[in-house]
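Beneath this line is the structure, given in structure tokens, with notes to follow.
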Amino acid sequence: MYASRSRVALDRSIGSGLARFPLQVRAGPGAWAELTRLARSLAADRFLLVCGSGVPRVHVERVLRHFGAVAPTRVVGACGPGAVAAADDVVVALGGTGVIDAAAGPAAHTRRGPLLLPTTLPAVLDGALSLVGPAGPRRRPVLVRAQLELLATLTPEAVRAGLYALVGNVLAVCPGAYDQVCARLRPDGRYTPETLASFIALCADVRAALTYYDPLEQGPGGALRYGHEVADALSVLGVPRYGEAVAQGLLVAARCARRAGLLDAADEAAHRELVRRWGVPDVLLPPVAAHDVLTALRHPAHGPGPAGDTVAMVLLDGLGRPHVRGGRTLTAISADVLRSGLAASGATGSAVPRPGRPGPDREPVGTGASCVRGAGTPSVVSQDTEPAPPGAAPSVRSLP
């Protein structure tokens, strides 16, 4: 995906409530030696390396070589037996969001949190930065390390679809970065390490700002799931790439918000333009029945839906301004409004053939004034984010 000689060094400190953990983004020959030194500083009796089945063997062997030089290292599958850690072990998660979620189990029994090495963009832009997993709150990681060489084996299609957290964050939280992200997005899914690092920095700053006072992501942090309600339904119905499902969810949410009198035509058009620059389909191919989507939204896999003939979605009053009712970002909308949103994305009113079930390599379902579109200037991202002073939330910076 890019030349191995590229050098990237970017540090962030993610504050989520009272918890704070470091994020490091690295690329280049010296970065692996630094990882070995960091592993040694943990003084672990043993490392438990939890891996996903889809992680390329070359990555597993490289990580194993560096951690194995420091302490005995045992490799276990994310879905297999044997992921039991002792108190003085350090759990290392190598994989996508599913692996990060699986590593939370054994890490709960250790003295320190896990060390996360995400190998997919959904994991590095979303899952690894969250302290909330499918089973609820999870331990603060001792480190999130985005080693960009671990992303180099991703196909351009996987890279493109994996950017859904970036696109959603720009629309729902930080439109100040809209023009810069538009200029950097490539429909072919081929990015330099520097560009990927800037995307990671933006998503990290957005999450830090939203979760500073909302670590469980039940209040303002709900904006991080913009577009995911419809995406979850489409994923159940067989849309193979979750990123493409999120793209549909963003467009459906924009049309629903406009139909509800919340979003204007210019902001809805901004959704379509960003999705076009992103390069994912802006219509469902092949189309999915609107009735099936409605049914899936009323009976989501993660719990009961809203009562009556309504569904709950994150909607926007404008770019970067989630619609809030009672302190929550979820808004109940009627089935008729949702049908109009689905119609705008190509969903039909009658059942049609749908794509096959997702394959085993599909990523599991995840996750201020300066953010006004066009405001401010790019900031430098090579510096560490300083902790916010007591009583002050960190600001969201525009894309460097």
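Here, each number is a calculation from the coordinates, and none is a lab measurement. Nothing here was measured: the structure is a model prediction, and the numbers come from that model. Note that each Cβ is placed from the backbone with ideal geometry, even for glycine, and that neighbours are counted across all protein chains shown.
Here is how the numbers come out for the structure above:
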{"item": "Per-pair calculated FRET efficiency, R0 = 56 Å: Ser334 and Arg111 via Cβ, rounded to 0.05", "result": "0.65"}
{"item": "Length-normalised contact order of region 8-154 in % [C-alpha pairs under 8 Å, at least 6 apart]", "result": "25"}
{"item": "Cα-derived Rg over Rh, computed across region 220-344 with Rh taken as Kirkwood radius", "result": "0.93"}
{"item": "Cβ-defined net charge surrounding Leu297, 11 Å radius [Lys, Arg +1; Asp, Glu -1]", "result": "-2"}
{"item": "Relative compactness, region 8-154, computed as alpha-carbon Rg over 2.2 N^0.38 Å", "result": "0.93"}
{"item": "Using a Förster distance of 56 Å, the FRET efficiency for Arg272-Thr36 (Cβ separation, nearest 0.05)", "result": "0.75"}
{"item": "Peptides ranked, highest mean first, by Cβ atoms within 10 Å: ranges 190-203, 33-46", "result": "190-203, 33-46"}
{"item": "Simple label model, 7 Å out from Cα along Cβ direction - Ala9 to Ala69, nm", "result": "1.8"}
{"item": "For Gly133, residues with placed amide H under 5 Å, excluding near neighbours", "result": "Arg138"}
{"item": "Tensor-based shape of region 132-225 (alpha-carbon gyration tensor, a/c under 1.5 rounded, otherwise prolate or oblate)", "result": "oblate"}
{"item": "Surrounding net charge for Ala335, when Lys and Arg each add one and Asp and Glu each subtract one, Cβ distance under 11 Å", "result": "0"}
{"item": "Where labels lie 7 Å past Cα in the beta-carbon direction, separation of Arg186 and Ala343 in nm", "result": "4.0"}
{"item": "Local electrostatic count at Arg186 - Lys and Arg +1, Asp and Glu -1, tallied over other residues with Cβ under 10 Å", "result": "+3"}
{"item": "Prolate/oblate/rounded call for region 140-295, Cα gyration tensor, a/c under 1.5 rounded", "result": "rounded"}
